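See below for the structure under consideration.
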Amino acid sequence: MSVPVTEAVNPITKNVDVASPLEIVSLLHKCDKEIFEGWNEYKSLYDEEVLATLDKIITVAASIIENAASGLIVLSGCGTSGRIAFLTARTFNAKLSELSRTPCFKYLIAGRDKALFTSQEAPEDDPVCGVEMLKEITDGKTKVLFIGITCGLSAPYVGGQLQYCMENLGVFTPVVLGFNPTHLARNNPIEKWESTFLQVINKMEEMKSSSNVFILNPVVGPEPITGSSRMKSGSATKVLLETIFTGAILSAKSGDRPWQTKSFIQSYQVVCNNLYNAKGSMEAVAQIVELAGNSLKSNGSIYYVGEGTLGIMGMIDASECPPTYGASLSDVRGFLDRGYKSFRNNDGDLSSLGLHFQISFNDMIKDILPHVKPFDVVIYITSDGNVDQRMTKCLCKKALISFAPKSSTVISTDVEVNMSLPKEALISLIGETAFQQFSMLFEEISTKWILNAITTGTHVMKGKVFQNMMVDLKVSNNKLFHRAIGIIQRFSELSLEDSKDCLLRSIYNTDNLSEEIRERPISCHIEAATPLSQVVPRALLSAILSCSVSESQRLLDKEPVIQKVISQTLSGVNQ
Ligand code: F6P
């Protein structure tokens, strides 16, 4: 069975677990460049078919923008895909308002707005709930462009919505956005549903030549941390959505666009290639990784502080640390100027849900700043170099990521990264006016690349990653259940069945697996595993050493750094 590209191991980062902070940042940057350079023989972002599909979607989007009273553009996804959907809808609704047009973008995220901050993985497996939410927000609309984002072409929540759209083509134009070739879409049975995701994609393949059904699936190569689709796939999602909607807004405004679709994508490539061009900037980001990594190792915290969309980039980056690295909700947090007033999410102020839903500067001033530890790290993210002075009064480590020259910085920090966009090159690709209008999008993607490097680097430093694989993942949905089995199989060389048994023994904390347990539906295993910790490392050690579950737990209790305990175990076995 072939491994989907989004779940494959990237050879570039094979030894990232033993790399220095500077090497980590450089390796991640190399992986990010692959987004544009393409991967193996697969279609890249610049493939003719991809560009032609983008142009057709732009035309549909432009016609909805022109008829916003009856039309709607819905962006939907799970985890980071849903968060990028939210950010894109927010950005382009604001652009339409600026142009005195009716905002017509909506987003959907599995698990609703709670999932914007904290991962809600169980709803990702629920196609019925996906359809209900789609019906709810499109009620009364006669023309809907639906873009279902699922980087791995796998999320049942999105699969259900796509199927519903195909059954209602009079209203819906469905688009699936993901980063695997279609034959590698997930083919696992889904509970409460008669189709697999692959069957939905196959149906879309059949329909795409005769109806308004689109598949947008360039391949951007494996993720730097295996399966962590928040990274390259998340960035490529942002690039493609923004390419579509900047094009659509201008087409609707003037009937034409002053750039080719390809040039708009190239502008992100130029930004990527120039990311660390300023002297010392890669070293400065590596210094932040080191500060933040040391902080997490001493049980400290990392706080992102920013305004507008750059602050939101911080919040999105923070939200992925618990599901990706088993981090606590307090390890990495993001704060946003004016909190929910600026966030503008569907469900409004969620701060009553608890501490981790309190996101404003005032919340940080009240709850965090008085108690910071000297080794905590506050990272300010700013477009113009300005930082709210109230946020700087803290006795801990400080870092600044800014898109303004060093001379305009008003606070003193331990590390400062001064980014600058390659203005001339961007203007030559998209023109002066568009550069003025959309340069914020380039600052956002630059910020995403840097913050992803910071949180990946810090968790690598904390020993959470073995080779380039996050082994201590939460087994909290169907995709992660199968990923866990794949990890056990890869390192133990057991059969698929035996690897699954090992995982179940760890989940149910038993060495004698009954037939009754084996036959339970996967959703039961997920429910049992979700609240537990170290499920996969425990299973993996007992698979490699052929020992009991309690023996492998004993080894983990002795050495909590996953990277060390697994490499020691493997080298012991190899000797
Ligand atoms: O299941 C959790 C998760 O892996 C998130 O980390 C990720 O952002 C999300 O799923 C989305 O996956 P996809 O875009 O492939 O549906």
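The values are calculated or read from the model by the stated rules, or taken from the named source; none is laboratory data. Keep in mind it's a predicted model, so treat the numbers as computed, not measured. Cβ placement follows ideal geometry from the backbone for every residue including glycine, while neighbour counts extend to all protein chains displayed. The area values use the complete protein model at the heavy-atom level, side chains included, leaving out ligands, DNA and RNA. Shrake-Rupley method; radii C 1.70, N 1.55, O 1.52, S 1.80 Å.
Here are the numbers for the structure shown:
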quantity	calculated
The stretch 191-205: number of residues that are open to solvent by 90 Å² or more (accessible area, probe 1.4 Å) and outside any helix (DSSP H, G or I)	2
Some residue of the stretch 23-39 being touching a helix residue (DSSP H, G or I) at 6+ places or on another chain (Cβ under 8 Å), within 25 Å of VAL213 (Cα to Cα) and within 16 Å of the ligand (Cβ to nearest atom)	yes
Selection count, the stretch 206-224, where residues are in a helix (DSSP H, G or I) and either buried (at least 21 other Cβ atoms within 10 Å of the Cβ) or touching a helix residue (DSSP H, G or I) at 6+ places or on another chain (Cβ under 8 Å) (or both)	1
Extreme residue, surrounded by the most Cβ atoms within 10 Å (Cβ to Cβ), among residues of the stretch 96-115 that are under 17 Å from the mean Cα position of the chain (by Cα) and either modelled with pLDDT under 95 or part of a helix (DSSP H, G or I) (or both)	ALA115
Failed condition for SER210, given (1) more than 23 Å from ARG83 (Cβ to Cβ); (2) modelled with pLDDT under 95; (3) in contact with a Phe, Trp or Tyr (Cβ under 9 Å, 6 or more places away or on another chain)	(3)
Hits in the stretch 45-80 - residues which are within 30 Å of ALA122 (Cβ to Cβ) and in a loop (DSSP other than H, G, I, E, B)	CYS78, GLY79
Residues being among the hydrophobic types (A, V, I, L, M, F, W, C) and farther than 23 Å from GLU121 by Cα - total across the stretch 490-528	4
Residues (within 14 Å of the ligand (Cβ to nearest atom), under 20 Å from ASP55 (Cβ atoms) and basic (Lys, Arg)) located in the stretch 202-239	LYS238
Hits in the stretch 225-250 - residues which are in a helix (DSSP H, G or I), polar (S, T, N, Q) and in contact with a Ser or Thr (Cβ under 7 Å, 6 or more places away or on another chain)	SER233, THR237, THR243
Set SER506, SER571: member being among the small types (Gly, Ala, Ser), open to solvent by less than 80 Å² (accessible area, probe 1.4 Å) and over 20 Å from GLY326 (Cβ atoms)	SER571
Pairs with Cβ under 9 Å, 6+ apart, first in the stretch 401-415 and touching a residue at least 60 places away in the same chain (Cβ under 8 Å) and assigned to a loop (DSSP other than H, G, I, E, B), second buried (at least 16 other Cβ atoms within 10 Å of the Cβ) and among the polar types (S, T, N, Q)	ASP414/GLN287
Test: residue in the stretch 116-124 that is among the aromatic types (Phe, Trp, Tyr), surrounded by 18 or more Cβ atoms within 10 Å (Cβ to Cβ) and modelled with pLDDT under 95	yes
Qualifying residue in the stretch 143-163 (condition: open to solvent by 10 Å² or more (accessible area, probe 1.4 Å), more than 14 Å from the ligand (Cβ to nearest atom) and of a type in the set (Ser, Thr, Tyr))	no
Hey, SER420 open to solvent by 10 Å² or more (accessible area, probe 1.4 Å) and free of Cβ contacts under 8 Å to residues at least 40 places away in the same chain or not	no
